[in-house]
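The next block holds one structure in the form of C-alpha cells; read it before the comments.
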Amino acid sequence: MTLTTEHPPAQDAVAAAPVRANVAVLIAEQAAQRPLATAVIEQRTGRSITFGELARRVENVAFGFTQTGISNGARTILAVKPGIDFVVCVFALFRAGAVPVVVDPGMGRRSLLRCIAQAEPDALVGIPLAHALSLRYCGAFRTLKHRVTVGRRWLWGGATLRDLQVRAVTGSNPASTHWHDTAAILFTSGATGEPKGVVYHHGVFVEQVRMIRQAYNIQPGEVDCACFALFALFSVAMGVTVVLPDMDFSRPASADPARIAAAIADHKATMAFASPAVWRRLAPWLEANQRRLDTLRRVLIAGAAVPHATLAQLKPRIAEGGEIFTPYGATESLPLASIGATEVLGETRFDTCNGKGVCVGRPLPDVQVKVVQIVDGPVAALDETQDCAPGEVGEILVSSAVTTREYFRNFDADMRSKIRSAGFKPGLAGGTPALLWHRMGDAGWLDDKGRLWYCGRVSHTVWTEQGPLFPEQVEGVFNNHNAVSRSALVGIGDKGAQEPVIVVELHGGLPPGHDLKQRIENELLQMAGAHNLTRQVKRVLFHAGLPVDARHNAKIDREALAKWAVKQ
C-alpha cells in the first residue's frame, strides 16, 4: 500500500468503506527506496541511523510493543528526549496501532499531571526519570498497565527499548488502522488557556506530510536541521535526513547560535525549522561573525510572529535565491497558510508597521478560510455565524483535510472550537472538511489579494469604551521605535471599559537611567498619538524581558503580563 497516493474518500463516501492508513508505512517506503541513506543524525552524540536500519528498528520495536500489550489503541505516554530513540518509538507506536500521548513538560508540573490523568494512559514509554515520576505521582498514572524504559530500568519492571530493538523480526505487518482511526493525542502548550488534548487521526498525519512537501517543494535526499523535535518526524517521513542539533529542545531561546550554525554547516543542511526564539539569536550572530549558511535554501519559522529585523538579518545569510517561510497554523490545523520573507520585507511589513497586523500569507491549496464576526461562547452551526466585510477584523475559521475534528474527552472544548455545517456526518471523511470548521481563536482579516492577516488572539483583545484593540495591530506601531525589541498590548479593568497599556521590552533590557526612560516613553506616546489606531494608549510600561510560552519561547504570555501591569 502506498499511502502517499491515497486520499480521503469523497464527501458522499460511507463509513462502511474506510480507507486504510498507517503513517508508519511511510518509513518502510523510504527504506525501500534509499536504505543506505542517513535518516537521523544526533549532533551531540555523533550517532546516526540509515533509513534501512530505522525501518528495521521500527518493525522490531513495534512487534515488541504488540507482544507487551502496547497496541490496538493503547494510549501511551511518550517521554523520550529528541533523538534516534524518539523517532523509533514514535513510528513504532504508530505501526503497532498504539496511540502516543505527547505532553509538553514545559507547561509545569501541575498542568502536566492533569493532562496525563485526563489521558488515562495504558502504557508509559520513557526515560528512567519519567518512570520514577510515575511512581512518585502514582495518582496521575493510576491506569498504567505496561512500561518500556528507554535507558536503564530500575525498580518498576517492564521491558527496555534495547530488549525490543535486538529482537530481530521480519515479515510482520503494521496494525490494520484506517484514515479516521486515532493515531496520537497531542496536548496544546496551554500558552493561551488550559492545555487540551488534540486528537490526530492517521489520515491527518498522512495529509500533513503531503501538504508540507508540496507547499515547500521538499525533496527526498535533502538535509533538515530540525530545532523542533515534532517537525523532525515529518522530515523523516518525506525521506529527508534530519540533523538534531546540540541544544536543549525544551528551551529553544537558550540555543547556542554557534552550535546551530555548526550543525547546518557540518551536514550541509538544505533546510531548517525552528521557532523565532532560535532565529532571534542565530541571525545577529551570523551577521556579527560575517558567516553565511550557503547550503541553506529553505528556512521555516513558526510558533509566533517573526520580527522583521530577524528576517532582514537572516535573508542575506542563507543560500543565494533561498527563502524564509513563516507558516501559520495551530496544533488543531496545521499547515493553514504561508508567506515568504521576500514578500514580507518588500511589501507587507510596511502595513504591519502602520497597524494592519501581521500578514501570514495565502491559505494553502485545499485549505478553506473564513473570517466571521467575533462572538462569545459556542457556535453550534455555520449558519449561526456572520461573515465579515472585506478588510474587517473577525475570528478566523479553517477547514481542511488536516483540521482535527475533536479534543480528547473534552466536550466543552469541542463546543467552543468546532463548528458543523448543515449535513455534517461524523462517519464521513472528516475529510468532509467543508462540513467541519475549527475556530482558530485568532483575530484576523482577508485582503483583496486573498492573503490572511493575523491580529492576535481573540482572548487577548482589549475591549475599550471606544471599541476593540487587537494586539498585533497596536504592537506593530510601537515596534517601529528603534529602541524597542518587542511590545505587548494588555488591558486593565473590565471588558468594555479596559484601559489599554503597552508594555515594552527594549533592546538590551531596561534603560540605564530615568532620563533615557522618560525620553523613550515620550517618543512612544507621540507615536501613539500620530495613529488613529493607537491614540487611546496613554500609558507605557517597561519590562526587562517579556514572559513567553514554554514550547517555542516566542509567544508573549499576555495573561501573566496583564497581572504584572496591574501591580505597577
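Results for (1) surrounded by fewer than 16 Cβ atoms within 10 Å (Cβ to Cβ); (2) within 27 Å of residue 111 (Cα to Cα), shown as yes or no for each residue.
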{"position": "460", "(1), (2)": "no, yes"}
{"position": "499", "(1), (2)": "no, no"}
{"position": "520", "(1), (2)": "no, no"}
{"position": "538", "(1), (2)": "yes, no"}
{"position": "546", "(1), (2)": "no, yes"}
{"position": "560", "(1), (2)": "yes, yes"}
{"position": "563", "(1), (2)": "yes, yes"}
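Are there any pairs with C-beta distances below 6 angstrom linking a residue in the stretch 550-568 that is outside the structural domain of residue 106 (by TED's automatic domain parsing) to a residue that is basic (Lys, Arg) and part of a loop (DSSP other than H, G, I, E, B), with the two at least 6 apart or on different chains, and if so which?
The qualifying pairs do not exist here.
What are the pairs, 6+ residues apart or on separate chains, where a residue within the stretch 46-69 that is within 19 Å of residue 23 (Cβ to Cβ) and touching a residue at least 12 places away in the same chain (Cβ under 8 Å) has its Cβ under 6 Å from a residue that is part of a helix (DSSP H, G or I) and aromatic (Phe, Trp, Tyr)?
Here the result reads 58/91, each pair linking the stretch 46-69 to a residue that is part of a helix (DSSP H, G or I) and aromatic (Phe, Trp, Tyr).
Return the residues of the stretch 511-523 that are assigned to a helix (DSSP H, G or I) and touching a strand residue (DSSP E or B) at 6+ places or on another chain (Cβ under 8 Å); say none if nothing qualifies.
Answer for the stretch 511-523, where residues must be assigned to a helix (DSSP H, G or I) and touching a strand residue (DSSP E or B) at 6+ places or on another chain (Cβ under 8 Å): 517, 520, 521.
Could you check the stretch 210-231 and list, in sequence order, the residues that are part of a helix (DSSP H, G or I), hydrophobic (A, V, I, L, M, F, W, C) and within 17 Å of residue 325 (Cβ to Cβ)?
211, 212, 215, 231
Where the second residue is surrounded by fewer than 17 Cβ atoms within 10 Å (Cβ to Cβ) and part of a loop (DSSP other than H, G, I, E, B) and the first is touching a residue at least 24 places away in the same chain (Cβ under 8 Å) and of a type in the set (Gly, Ala, Ser) and lies in the stretch 285-301, which pairs have Cβ atoms under 8 Å and are six or more apart or on separate chains?
The qualifying pairs do not exist here.
Which of the following residues is small (Gly, Ala, Ser), in contact (Cβ under 8 Å) with a residue 24 or more places away in the chain, in the same structural domain as residue 521 (by TED's automatic domain parsing) and over 20 Å from residue 332 (Cβ atoms): 476, 467?
Residue meeting the stated conditions: 476.
Quick test of your reading of the structure: residue 98 fulfils all but one of (1) surrounded by fewer than 24 Cβ atoms within 10 Å (Cβ to Cβ); (2) touching a Lys or Arg at 6+ places or on another chain (Cβ under 9 Å); (3) within 17 Å of residue 200 (Cα to Cα); (4) hydrophobic (A, V, I, L, M, F, W, C). Name the failing condition by number.
(1)
Mind checking which residues of the stretch 235-263 are out of contact with any strand residue (DSSP E or B) (no Cβ under 6 Å at 6 or more places or on another chain), modelled with pLDDT of 95 or more, assigned to a helix (DSSP H, G or I) and crowded, with 21+ Cβ neighbours inside 10 Å?
237, 260, 261
Name the single residue that is surrounded by the most Cβ atoms within 10 Å (Cβ to Cβ) among those in the stretch 16-45 being touching a residue at least 60 places away in the same chain (Cβ under 8 Å) and of a type in the set (S, T, N, Q).
The selected residue is 22.
Under 6 Å by Cβ, and 6 or more places apart or on different chains, what pairs join a residue from the stretch 149-169 that is surrounded by fewer than 17 Cβ atoms within 10 Å (Cβ to Cβ) with one that is acidic (Asp, Glu)?
169/59
Against the condition modelled with pLDDT under 95 and either touching a helix residue (DSSP H, G or I) at 6+ places or on another chain (Cβ under 9 Å) or over 24 Å from residue 179 (Cα atoms) (or both), how does residue 105 come out, does it pass?
Against the criterion (modelled with pLDDT under 95 and either touching a helix residue (DSSP H, G or I) at 6+ places or on another chain (Cβ under 9 Å) or over 24 Å from residue 179 (Cα atoms) (or both)), residue 105 qualifies.
How many residues does the stretch 352-391 hold that are in contact with a Cys (Cβ under 7 Å, 6 or more places away or on another chain) and surrounded by fewer than 19 Cβ atoms within 10 Å (Cβ to Cβ)?
Result for the stretch 352-391: 1.
Just one of (1) without any contact (Cβ under 8 Å) to a residue 12 or more places away in the chain; (2) buried (at least 16 other Cβ atoms within 10 Å of the Cβ); (3) of a type in the set (A, V, I, L, M, F, W, C) trips up residue 530, so point out which.
(2)
Looking at (1) closer than 16 Å to residue 125 by Cβ; (2) out of contact with any Cys (no Cβ under 9 Å at 6 or more places or on another chain), which one does residue 25 not meet, given that it meets all the others?
Failed condition: (1).
So, in the stretch 176-194, how many residues would count as being surrounded by fewer than 20 Cβ atoms within 10 Å (Cβ to Cβ) and not polar (S, T, N, Q)?
Number satisfying all stated conditions: 4.
Can you tell me how many residues in the stretch 130-148 are closer than 27 Å to residue 56 by Cα and free of Cβ contacts under 8 Å to residues at least 60 places away in the same chain?
Residues that pass the stated criteria total 3.
Quickly run through the stretch 524-568 and pick out the residues that are charged (D, E, K, R) and not in a helix (DSSP H, G or I).
535, 538, 539, 549, 551, 555, 557, listed by residue number.
Of the residues that sit in the stretch 467-515 and are farther than 19 Å from residue 305 by Cβ and among the hydrophobic types (A, V, I, L, M, F, W, C), which one is modelled with the lowest pLDDT?
510
State which residue is nearest to the chain's Cα centre (by Cα) when the search covers only the stretch 527-563 and only residues that are modelled with pLDDT of 90 or more and among the basic types (Lys, Arg).
558
Consider residue 347 carefully, then state whether it is surrounded by fewer than 20 Cβ atoms within 10 Å (Cβ to Cβ) and not hydroxyl-bearing (Ser, Thr, Tyr).
So residue 347 passes the test.
The values are calculated or read from the model by the stated rules, or taken from the named source; none is laboratory data. Fair warning: this is a prediction, and the values are worked out from it, not measured in the lab. Positions of Cβ are backbone-derived with ideal geometry, glycine not excepted, and every protein chain shown enters the neighbour counts.
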